[in-house]
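For reference, the structure discussed in these notes is given below.
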Amino acid sequence: PPAMLHVNILWFLSLVLSVASALAATLVQQWTRKYLLTTQLPSSPQRRARIRTFLFQGVLRFRLDTIANSVPLLLHASVFLFLTGLVKFLFQTDDTLGYILLACVVACTVTYVTLTLLPLFYRDCPYETPMS
């Protein structure tokens, strides 16, 4: 049935995004570790400052912060796709379970949207999401 095809598409997209998130997190961790190790090599303070400035300009130029901030976004999108597929799957098997899970997913989505929007209205709000 077409509904099961949609479920499989959602779940495989979720899988791909979660694996991409894990890979990106590992790469960002490797890059930052290399940056920290390179900037802390034993040498004169002037040489370390030049090296750090040079590498930091590369971090800014190649937007490492954007890549690092996109990792949680990939994972959040993966969770959203998985839950969407799960709700659709449960509605195909049992409406009661589908509605129960849908209520839980809606509650979580409302919480997520609230946490996303709160920092826009309250500058001192410690909660934020990658979408904030």
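The values are calculated or read from the model by the stated rules, or taken from the named source; none is laboratory data. Bear in mind that the values here come from a model prediction, so they are computed numbers and not experimental data. Backbone-built Cβ (ideal geometry, glycine too); neighbour counts: all protein chains shown. Protein only, heavy atoms only, side chains kept; ligands, DNA and RNA dropped before computing areas. Shrake-Rupley method; radii C 1.70, N 1.55, O 1.52, S 1.80 Å.
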**Nearest-0.05 FRET efficiency for residue 65 and residue 15, computed from C-beta distance (R0 35 Å)** = 0.85
**Relative contact order (%) - criterion: Cα under 8 Å, at least six apart; region: region 1-102** = 47 percent
**Request:** May I have the convex hull volume per residue, in Å³, for the Cα set of the chain?
**Result:** 134 Å³
**Prompt:** Say each of residue 117 and residue 43 gets a label point 7 Å from the Cα, pointing the same way as Cα to Cβ; how far apart are those two points in nm?
**Reply:** 5.1 nm
**Complete:** With a 1.4 angstrom probe the carbon and sulfur portion of accessible area for the chain, in percent, totals 70 percent
**Request:** Enter the angle in degrees (range 0 to 90, nearest 10) between the Cα long axis of helix 64-93 and the first principal axis of the Cα atoms of the chain, meaning the one along which they spread out most.
**Result:** 10 degrees
**Message:** At 7 Å along Cα-to-Cβ for each site, give me the label-to-label distance between residue 52 and residue 108 in nm.
**Reply:** 4.2 nm
**Request:** Determine the gain in length on full extension of the stretch residue 129-residue 3; use 0.36 nm per residue of separation and subtract their C-alpha separation, reporting nm with one decimal.
**Result:** 42.3 nm
**Complete:** accessible surface per residue for region 15-107, probe 1.4 Å, DNA/RNA/ligands not counted, whole Å² -> 72 Å²
